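Enquirer: Mind looking over this structure? Questions follow.
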Amino acid sequence: MSAMHHIDIEVGPARFRVASAWRQAVSTLDQLYGHYPRVEDDLVDFTVRLEPEKPWRKFIRPSVHISGDFWLPDAAPLPLQQHLLAAEMGMNLQMALGWRRHLLLHASSVEKDGKALLMTGLSGSGKSTLSAMLGENGWRFMGDEFALLCLDSGMIQPFPRLISLKNEAIPAMNELVPADRFGPLLQGTPKGDIQHLQPQQAAVETMDVLAKPALLLFPRFGHDGALRNMGKSEIFVRLTQASTNYVALGETGFRALTRFVDEVPVKAMDYQSGDEAQAMIDKLWAELR
Amino acid sequence: MHEKYRLASSDALIHHDLDSMSLIFDRRSGITHMIADPVTAIIEVMGDAAASVAAIAEMLSSHFDVEQEVDVAEIVLARLEELRDLGLVQREGDG
Amino acid sequence: MIKDATPLIDALRDPQSVSALGDGQWSELISIARAESLIGSLAHRLRGLDLPDRVQAIFDDAIDSHELVRTQALWEADCSRRALFYVEGKTVLMKGTAYVAAGLAAGVGRSIGDLDILVAKDKLPLVEEALLDAGWEWVKPDPYDDQYYREHMHELPPMIHRERDQMIDVHHTILPLTAKPMPDPQKMLEDAVELADGLFIMAPVDMTCHCVAHVMADGDFAGGLRNLWDFHGLVTEFSAHNVQFWQQLEQRAQRHQLLQHVRWAAVLSHQLYGTAIPEQWSVGSKIRDRLTLHRLTARDGYGRETRKLTRLIFYIRSHWLRMPPMMLAKHLWTKFRRP
């Protein structure tokens with residue numbers, strides 16, 4: 001059996017042991033997660049494995065096969081240059097399939113005045129980019145991929161992993177943020193170009209500080225600026241679709257989600273540019289009581 | 001038309017109203033069902049008792065404004081059979 | 001780094017053994033238990049011990065997760081009961097669903113995948129029709145697979161429910177028709193025990209024989225630790241309630257042409273989990289046992305499969321077990337030619 005190298009990573013309430021056949025993959029992670037808390041005791045929730053697709057492919061046209069404690073049978077391997085993406089996908093997979101301590105919503109989240117703004121939608125909606133931008137403009141970044149809804153209190157638990165910027169968001173954020181917070185540019189991934197961005201130090205330091213959800217947006221990029229109300233049935237259905245563990249949580253998930261839908265105001269938001277979206281969000285935020 | 005139908009025990013089901021629709025979470029299966037009228041109304045009038053299609057249709061007509069030309073019993077039967085497929089309603093004397 | 005699955009076996013056998021684990025070893029044990037589908041069983045086994053907080057939280061999750069699995073399995077069983085209500089004859093639950101339906105120790109924390117049921121062979125066409133009627137559909141409408149299943153297998157091609165997304169395997173016997181032993185499904189149906197709600201489970205001796213058939217028929221021993229943990233749970237509970245259990249098991253295993261297999265499973269279970277078995281059963285081939293144990297424990301602290309060569313030996317052996325050689329060649333060729 002070939003040797004594995006590993007690093008333990010703590011993000012919010014979850015800890016991952018990312019094990020890789022390539023030392024270089026571990027050192028990239030070590031560097032990018034350098035300002036996250038160190039896991040001293042090696043006790044983790046999940047193991048992610050990054051291995052060559054076939055043993056002899058460790059060096060020849062190497063490709064990374066993603067697996068771990070929880071895995072999907074048909075996950076396609078990635079080229080070795082994209083090992084960072086593979087690690088992030090591996091961690092996402094563990095959360096999506098294995099995490100039960102919160103209701104997971106496929107949503108980004110930011111916080112201001114102790115209250116959380118959540119944004120959810122299909123990929124391309126801009127939810128990840130918007131959270132990254134707001135995180136540099138006076139909001140606390142809480143997560144760009146999963147919003148963790150506490151099952152008993154209804155609060156949002158931060159999960160601020162590296163932000164995964166895609167395509168046009170990459171140059172936009174490079175204008176806002178110093179270069180030393182970026183990971184390598186990954187070109188030609190299944191999702192286009194990807195570059196990882198470290199959240200601000202303060203967002204990482206406060207990743208155990210919860211916030212009460214105050215507004216949920218369904219952003220949609222590329223349409224004339226508009227706000228629309230949504231019916232509770234539509235919201236409920238779309239959130240069950242946006243949750244990876246709603247069914248797995250049974251009655252607990254049902255209670256948490258119905259409570260969220262009852263209590264949290266929701267808007268569908270169309271926008272053409274980041275600036276426009278931020279102006280709309282500022283206005284909505286000011287109108288909240 | 002004479003068979004009686006009965007709703008699953010009230011311990012098993014959690015009802016939650018949204019806007020135009022409502023939710024039923026079935027504890028026995030872990031499945032969330034989303035229902036709209038007339039199913040919501042049918043479930044409401046059924047309560048805990050076993051009732052025939054005709055009886056349910058009559059209760060519906062007396063509780064709600066139903067248009068004259070509509071065959072309420074036919075609608076009730078069709079909806080009850082759907083609910084039976086979902087395991088939310090039992091027909092007396094069989095599964 | 002943990003070298004193989006031994007710490008998992010030790011923990012199941014003697015929960016106190018975990019007090020020797022260091023923090024990092026806990027993470028490794030958990031990966032191994034997840035990979036072997038034994039995390040729920042382990043969580044229940046270690047209940048009440050003083051564990052590190054993060055470990056306790058993982059086990060609490062595993063217990064909750066199993067609770068939902070159990071609910072869903074029982075619901076699927078009930079759905080099949082309703083679908084088959086007008087088909088005469090018994091519907092017998094098998095494997096994990098049977099264990100939880102009967103409230104057996106072997107079902108506590110056990111992972112459950114598809115719903116497996118046993119019905120009389122001459123009722124298959126009716127059962128098939130009733131299930132299709134109630135919303136189940138064929139998973140793969142592939143004529144080769146279909147023909148292959150119907151000619152050589154002990155079950156219908158798998159079906160999935162179009163709304164609930166759950167699979168059902170309908171068996172008419174417990175081993176592929178190409179396997180050497182020819183169990184007697186008629187006897188299993190005859191002796192099946194009715195549960196309160198109209199579903200059936202196998203009699204204890206038959207249930208044990210089926211568990212063994214499952215261990216041995218999957219001759220590559222994939223999931224072997226879990227299957228043998230089932231065996232351990234079943235025989236321990238049955239023999240505690242019935243002093244004649246082992247004798248009856250021997251007779252029934254003979255009838256199903258599975259006596260050798262049952263004895264071997266008992267020996268392996270004894271060696272792994274310390275199962276109390278009749279003294280005269282524990283004679284066998286030491287080399288074969290050692291090789292099998294080597295195979296069963298082949299997993300490292302990252303949850304990876306190890307000992308590829310041993311695995312390969314068992315993989316080839318497993319196909320050999322299921323099919324006569326010429327048919328194996330034909331099967332692999334057909335599989336190979338299709339994309």
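Let's see how each residue does on (1) within 14 Å of another protein chain (Cβ to nearest Cβ); (2) outside any loop (DSSP other than H, G, I, E, B); (3) more than 20 Å from the chain's Cα centre (by Cα); (4) under 30 Å from A:Asp69 (Cα atoms):
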residue	(1), (2), (3), (4)
C:Gln257	no, no, no, no
C:Val262	no, yes, no, no
C:Leu268	no, yes, no, yes
C:Ala276	no, no, yes, no
C:Ile287	no, yes, yes, no
C:Arg290	no, yes, yes, yes
C:Leu293	no, yes, no, yes
C:Gly301	yes, no, yes, yes
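Enquirer: Something else about it: Is it true that A:His106 is under 29 Å from C:Gly40 (Cα atoms) and assigned by TED's automatic domain parsing to the domain that holds A:Asp270? It would help to see each step written out before you state the result.
Expert: Details: under 29 Å from C:Gly40 (Cα atoms): yes; assigned by TED's automatic domain parsing to the domain that holds A:Asp270: yes.
Considered against the rule, which asks whether it is under 29 Å from C:Gly40 (Cα atoms) and assigned by TED's automatic domain parsing to the domain that holds A:Asp270, A:His106 comes out as yes.
Enquirer: Which ones in the range B:42-81 are touching a residue at least 40 places away in the same chain (Cβ under 8 Å) and surrounded by fewer than 13 Cβ atoms within 10 Å (Cβ to Cβ)?
Expert: Across the range B:42-81, the qualifying residues are B:Gly47, B:Asp48, B:Ala49.
Enquirer: I've got another one for you. Test A:Lys127 against the criterion of being of a type in the set (D, E, K, R) and in contact with a Phe, Trp or Tyr (Cβ under 8 Å, 6 or more places away or on another chain), and give yes or no. Let's see the steps before the verdict.
Expert: Numbers: of a type in the set (D, E, K, R): yes; in contact with a Phe, Trp or Tyr (Cβ under 8 Å, 6 or more places away or on another chain): no.
Answer is no for this residue.
Enquirer: Is there any pair linking a residue in the range C:64-87 that is more than 10 Å from chain B (Cβ to nearest Cβ) and farther than 18 Å from A:Arg100 by Cβ to one that is among the charged types (D, E, K, R) and surrounded by fewer than 22 Cβ atoms within 10 Å (Cβ to Cβ), with Cβ under 8 Å and at least six apart or on different chains, and which?
Expert: Going by the 8 Å Cβ cut-off, the qualifying pairs are C:Val87/C:Lys123.
Enquirer: Kindly list the number of the only condition in (1) within 14 Å of another protein chain (Cβ to nearest Cβ); (2) without any contact (Cβ under 8 Å) to a residue 24 or more places away in the chain; (3) surrounded by fewer than 19 Cβ atoms within 10 Å (Cβ to Cβ); (4) part of a helix (DSSP H, G or I) that fails for A:Thr252.
Expert: All conditions are met except number (2).
Enquirer: Moving to a separate point now. Give me the pairs, please: first residue somewhere in the range C:89-110 and more than 17 Å from C:Thr236 (Cα to Cα), second residue anywhere and of a type outside the set (A, V, I, L, M, F, W, C) and in a helix (DSSP H, G or I), beta-carbon distance under 6 Å, and either six or more positions apart or on two chains.
Expert: C:Gly89/C:Lys123
Enquirer: Would a scan of the range B:1-10 turn up a residue that is part of a strand (DSSP E or B), away from chain A (no Cβ under 12 Å) and surrounded by fewer than 18 Cβ atoms within 10 Å (Cβ to Cβ)?
Expert: Taking the range B:1-10 and keeping what is part of a strand (DSSP E or B), we get B:4-7.
From what is left, the residues that are away from chain A (no Cβ under 12 Å) are B:4-7.
Okay, now just the ones that are also surrounded by fewer than 18 Cβ atoms within 10 Å (Cβ to Cβ), so B:4, B:6.
Among the residues of the range B:1-10, at least one is part of a strand (DSSP E or B), away from chain A (no Cβ under 12 Å) and surrounded by fewer than 18 Cβ atoms within 10 Å (Cβ to Cβ), which makes the answer yes.
Enquirer: Here's a follow-up. Quick one: in the range A:1-30, of everything that is more than 23 Å from the chain's Cα centre (by Cα) and in contact (Cβ under 8 Å) with a residue 12 or more places away in the chain, which residue is farthest from C:Met1 (Cα to Cα)?
Expert: We begin by selecting, within the range A:1-30, every residue more than 23 Å from the chain's Cα centre (by Cα); these are A:1-5, A:21-24.
Add one more test, that the residue is in contact (Cβ under 8 Å) with a residue 12 or more places away in the chain, and what stays is A:2-5, A:21-24.
Values: A:Ser2: 14, A:Ala3: 11, A:Met4: 11, A:His5: 12, A:Ala21: 15, A:Trp22: 18, A:Arg23: 17, A:Gln24: 21 Å.
Applying the filter and picking the extreme gives A:Gln24.
Enquirer: Restricting to the range A:239-248, give me the number of residues that are open to solvent by 10 Å² or more (accessible area, probe 1.4 Å), touching a strand residue (DSSP E or B) at 6+ places or on another chain (Cβ under 7 Å) and of a type in the set (A, V, I, L, M, F, W, C).
Expert: Of the residues in that region, 1 qualify.
Enquirer: Follow-up question, since we're still on this one. Look through the range C:88-114, keep the residues that are polar (S, T, N, Q) and closer than 16 Å to C:Ala196 by Cα, and return whichever of them is nearest to the other protein chains (Cβ to nearest Cβ).
Expert: The initial filter retains those residues of the range C:88-114 that are polar (S, T, N, Q), namely C:91, C:97, C:111.
Remaining after also requiring closer than 16 Å to C:Ala196 by Cα: C:91, C:97.
Working: C:Thr91: 11, C:Thr97: 14 Å.
By that ranking, first place goes to C:Thr91.
Enquirer: How many residues are part of a loop (DSSP other than H, G, I, E, B) and either within 14 Å of chain B (Cβ to nearest Cβ) or buried (at least 17 other Cβ atoms within 10 Å of the Cβ) (or both) when one looks only at the range A:219-236? Outline the logic, then answer.
Expert: So in the range A:219-236, the residues part of a loop (DSSP other than H, G, I, E, B) come out as A:222-225, A:229-231.
Those still in the list that are either within 14 Å of chain B (Cβ to nearest Cβ) or buried (at least 17 other Cβ atoms within 10 Å of the Cβ) (or both) too: A:229-231.
So the count comes out to 3.
Enquirer: While we're on this one: Do the conditions hold for C:Asp4, that is, is it among the acidic types (Asp, Glu), touching a residue at least 60 places away in the same chain (Cβ under 8 Å) and open to solvent by less than 50 Å² (accessible area, probe 1.4 Å)?
Expert: Values: among the acidic types (Asp, Glu): yes; touching a residue at least 60 places away in the same chain (Cβ under 8 Å): yes; open to solvent by less than 50 Å² (accessible area, probe 1.4 Å): yes.
It is true that C:Asp4 is among the acidic types (Asp, Glu), touching a residue at least 60 places away in the same chain (Cβ under 8 Å) and open to solvent by less than 50 Å² (accessible area, probe 1.4 Å).
Enquirer: Every residue in the range A:135-173 that is charged (D, E, K, R) and either surrounded by fewer than 22 Cβ atoms within 10 Å (Cβ to Cβ) or closer than 16 Å to A:Leu32 by Cβ (or both), please. Quick ask: steps written out before the conclusion?
Expert: Our first condition is that a residue be charged (D, E, K, R); within the range A:135-173, this holds for A:136, A:140, A:144-145, A:152, A:161, A:166, A:168.
Correct list: A:Glu136, A:Asp144, A:Glu145, A:Asp152, A:Arg161, A:Lys166, A:Glu168.
Enquirer: Please go through the range C:7-52 and pick out each residue that is within 23 Å of A:Arg17 (Cα to Cα), away from every other protein chain (no Cβ under 11 Å), open to solvent by 30 Å² or more (accessible area, probe 1.4 Å) and part of a helix (DSSP H, G or I).
Expert: Passing the criteria: C:Pro7, C:Ser19, C:Ala20.
Enquirer: Pick from C:Ile160, C:Ile168: which is crowded, with 21+ Cβ neighbours inside 10 Å and either at pLDDT 90 or above or under 29 Å from B:Glu81 (Cα atoms) (or both)? Write out each step before concluding.
Expert: Values: C:Ile160 fails: crowded, with 21+ Cβ neighbours inside 10 Å.
None of the other options fit; the residue is C:Ile168.
Enquirer: A further question on this structure: Out of the range B:22-41, which residues are over 14 Å from the mean Cα position of the chain (by Cα) and open to solvent by 20 Å² or more (accessible area, probe 1.4 Å)?
Expert: Passing the criteria: B:Arg27, B:Arg28, B:Ile31, B:Thr32.
Enquirer: Name, by its number, the condition in (1) of a type in the set (A, V, I, L, M); (2) surrounded by 22 or more Cβ atoms within 10 Å (Cβ to Cβ); (3) within 30 Å of C:Asp23 (Cβ to Cβ) that does not hold for C:Ala213.
Expert: The single condition C:Ala213 does not satisfy is (3).
Enquirer: B:Ser20: under 27 Å from A:Ala256 (Cα atoms), outside any strand (DSSP E or B) and more than 10 Å from every other protein chain (Cβ to nearest Cβ), yes or no? Break it down stepwise before answering.
Expert: Working: under 27 Å from A:Ala256 (Cα atoms): yes; outside any strand (DSSP E or B): yes; more than 10 Å from every other protein chain (Cβ to nearest Cβ): no.
It is false that B:Ser20 is under 27 Å from A:Ala256 (Cα atoms), outside any strand (DSSP E or B) and more than 10 Å from every other protein chain (Cβ to nearest Cβ).
Enquirer: Those residues that are of a type in the set (A, V, I, L, M) and over 14 Å from the mean Cα position of the chain (by Cα), I need them from the range A:104-126; list them, please.
Expert: The initial filter retains those residues of the range A:104-126 that are of a type in the set (A, V, I, L, M), namely A:104-105, A:107, A:110, A:116-119, A:122.
Selection gives A:Ala116, A:Leu117.
Enquirer: Is it the case, given these coordinates, that C:Ala196 is part of a helix (DSSP H, G or I) and either within 22 Å of C:Ser80 (Cβ to Cβ) or at pLDDT 95 or above (or both)? Walk me through it before giving the result.
Expert: Working: part of a helix (DSSP H, G or I): no; either within 22 Å of C:Ser80 (Cβ to Cβ) or at pLDDT 95 or above (or both): yes.
So C:Ala196 does not fit the description; no.
Enquirer: In the range C:267-298, what residues are surrounded by 14 or more Cβ atoms within 10 Å (Cβ to Cβ), farther than 27 Å from C:Gln16 by Cβ and among the hydrophobic types (A, V, I, L, M, F, W, C)?
Expert: Once the filter is applied, which keeps residues that are surrounded by 14 or more Cβ atoms within 10 Å (Cβ to Cβ), farther than 27 Å from C:Gln16 by Cβ and among the hydrophobic types (A, V, I, L, M, F, W, C), the range C:267-298 yields C:Trp281, C:Leu291.
Enquirer: Now for a different question. Any idea which of A:Leu216, A:Leu257 is under 29 Å from C:Leu68 (Cβ atoms) and part of a helix (DSSP H, G or I)? Walk me through it before giving the result.
Expert: Numbers: A:Leu216 fails: part of a helix (DSSP H, G or I).
Checking each option against the conditions leaves just A:Leu257.
The values are calculated or read from the model by the stated rules, or taken from the named source; none is laboratory data. Given the structure is predicted, the values throughout are model-derived calculations rather than measurements. Ideal geometry is used to build each Cβ from the backbone, glycine not excepted, and the neighbour counts take in all protein chains shown. When the accessible area is computed, the model is the full protein with side chains, heavy atoms only, and any ligands, DNA or RNA have been set aside. Shrake-Rupley method; radii C 1.70, N 1.55, O 1.52, S 1.80 Å.
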